[in-house]
1. If you take the residues in region B:146-169 that are within 14 Å of another protein chain (Cβ to nearest Cβ) and farther than 13 Å from B:Asp116 by Cβ, which one is nearest to the chain's Cα centre (by Cα)?
2. Go through region B:49-69 and report how many residues are assigned to a loop (DSSP other than H, G, I, E, B), away from every other protein chain (no Cβ under 14 Å) and either in contact with a Ser or Thr (Cβ under 7 Å, 6 or more places away or on another chain) or aromatic (Phe, Trp, Tyr) (or both).
3. In region B:5-21, is there at least one residue being within 23 Å of B:Glu100 (Cα to Cα), in contact with an Asp or Glu (Cβ under 9 Å, 6 or more places away or on another chain) and either within 14 Å of chain A (Cβ to nearest Cβ) or among the hydroxyl-bearing types (Ser, Thr, Tyr) (or both)?
4. Exactly one of these conditions fails for A:Val75: (1) among the hydrophobic types (A, V, I, L, M, F, W, C); (2) at pLDDT below 95; (3) not in a helix (DSSP H, G or I). Give me its number.
5. Could you check, for region B:71-88, whether at least one of its residues is away from every other protein chain (no Cβ under 13 Å) and outside any helix (DSSP H, G or I)?
6. Of these, B:Glu158, B:Glu179, which one is in a strand (DSSP E or B) and of a type in the set (Asp, Glu)?
7. Please verify whether region B:270-277 includes one or more residues that are at negative phi, among the β-branched types (Val, Ile, Thr) and at pLDDT 95 or above.
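The values are calculated or read from the model by the stated rules, or taken from the named source; none is laboratory data. Just so it is clear, the model here is predicted, and its values are computed rather than measured. When we count neighbours, we look across all protein chains shown, and the Cβ atoms used for this are built from the backbone with ideal geometry, even at glycine.
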Amino acid sequence: MTDQSCVAEESVLSFARGHRLQHDRVRDLWIVQAPEKAFVIEGSAPHILRLLDGERSVGDIIQQLANEFSAPREVIAKDVLALLSELTEKNVLHT
Amino acid sequence: MTLPSPPMSLLAELTHRCPLSCPYCSNPLELERKAAELDTVGWRSVLEQAAELGVLQVHFSGGEPMARPDLVELVSLARKLNLYSNLITSGVLLDETKLEALDKAGLDHIQLSFQDVTEAGAERIGGLKGAQARKIEAARLIRASGIPMTLNFVVHRENVARIPEMFALARELGAGRVEIAHTQYYGWGLKNRDALLPSREQLQEATRAVEAERAKGGLSVDYVTPDYHADRPKPCMGGWGQRFVNVTPSGRVLPCHAAEIIPDVAFPNVQDGTLSDIWNCSPLFNMFRGTDWMPEPCRSCERKEQDWGGCRCQALALTGDAANTDPVCSLSPFHDRVEKAVAEASEKPELVYRRF
């Protein structure tokens, strides 16, 4: 895997200014609000992004999700790192 | 009957007043005066109803929205309602104190407009002496505040060659995003079309400059092309009454900011009905919603749910009937009118400036 965004288990991430996670009550969707656009996030992504508080490390988030969903840690880690790397590359998240 | 899906964005045109007089202003030719503007209570209700209806983002615009003394209060309410707030401003009324108040109120993003990179070019379009220096100072203040900033440049024949310098200015000022928007030819822009419409060669050069900048990375670039040179129309507003709602200074509710030119229909006002009723039930919003209204060649076109027949206001302005296919489409029987406009746009008439 080529990891250019350098998101690792030790990383502590949060939303960059001008971006936030929000539940759209009217459409019952999770969205990320961003400058002049909003995009829908689905599947496991809202569960992951809800845990970003600027304090917990990526590793802590992986562990918490593995516990919550009783799933193998390495499966969760792969999903979490892929999502967080992608959003970091897009400057939605930062360390 | 199922209700239409709710709007995503609200364009809140707080006022038509503005210190600039750009000849391509998106406001209508008939500008609304201060005495007709909704008061603070009226705008608060618009925001509350918009959030309730399903709007996610509110764009505070004008005119110059900073001419309204209640802007901070409205931004603060938007934040409380979980509406993402964007301020679309010329920056000439911005100072450190005002910016700090907006920041504290929870403003999410600022779109700062520039008319050009040169002082002479900027003053020729905006008509306000010293505006460029004030805008640059505004950009510095915004950058220092940390509020995400998009620089917006409207381009036309006179400044289109300076797109590379526009990107350089955006990078120098630390903007995260730049919008290069070709002038849209409605209202004031249409009045000045022959003076502003770029040639095909200019457009190609502009597109090359945008692509070169995107390839460099590090700056997010939005590019709005002039559809007079296209052969398929744009999906105007993402479809009439589908994603977007505009409220004018006096409270009129429109499917787009140019829609007041549509004849033979009542323009609903938030003072007479709820936003929800207007969005769902008003004749204006249902006039061109979906595909049932479409004539040929749209009706049997496979792209009808991609471009939604293009722009109603452009169809009206160029063919005399808002229910026609947008003449930008090469399948339109009126497409020659667009080609003629392009051919005639080299006579350099004088600019007609926006005024009350």
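1. My answer is B:Thr150.
2. 4
3. So far as region B:5-21 goes, yes, one or more of its residues are within 23 Å of B:Glu100 (Cα to Cα), in contact with an Asp or Glu (Cβ under 9 Å, 6 or more places away or on another chain) and either within 14 Å of chain A (Cβ to nearest Cβ) or among the hydroxyl-bearing types (Ser, Thr, Tyr) (or both).
4. (3)
5. If we filter region B:71-88 for residues that are away from every other protein chain (no Cβ under 13 Å), which is where we start, we get B:71-77, B:80.
Within this subset, residues satisfying the condition of being outside any helix (DSSP H, G or I) are none.
No: region B:71-88 contains no residue that is away from every other protein chain (no Cβ under 13 Å) and outside any helix (DSSP H, G or I).
6. Unique residue meeting the criteria: B:Glu179.
7. Yes, region B:270-277 contains at least one residue that is at negative phi, among the β-branched types (Val, Ile, Thr) and at pLDDT 95 or above.
So that you can scan it fast, the table gives a plain yes or no per residue for (1) buried (at least 21 other Cβ atoms within 10 Å of the Cβ); (2) basic (Lys, Arg); (3) closer than 20 Å to B:Leu196 by Cβ:
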| residue | (1), (2), (3) |
| --- | --- |
| B:Ala131 | yes, no, yes |
| B:Arg140 | no, yes, no |
| B:Arg157 | no, yes, yes |
| B:Val160 | yes, no, yes |
| B:Ile163 | yes, no, yes |
| B:Ala168 | no, no, no |
| B:Gly174 | no, no, no |
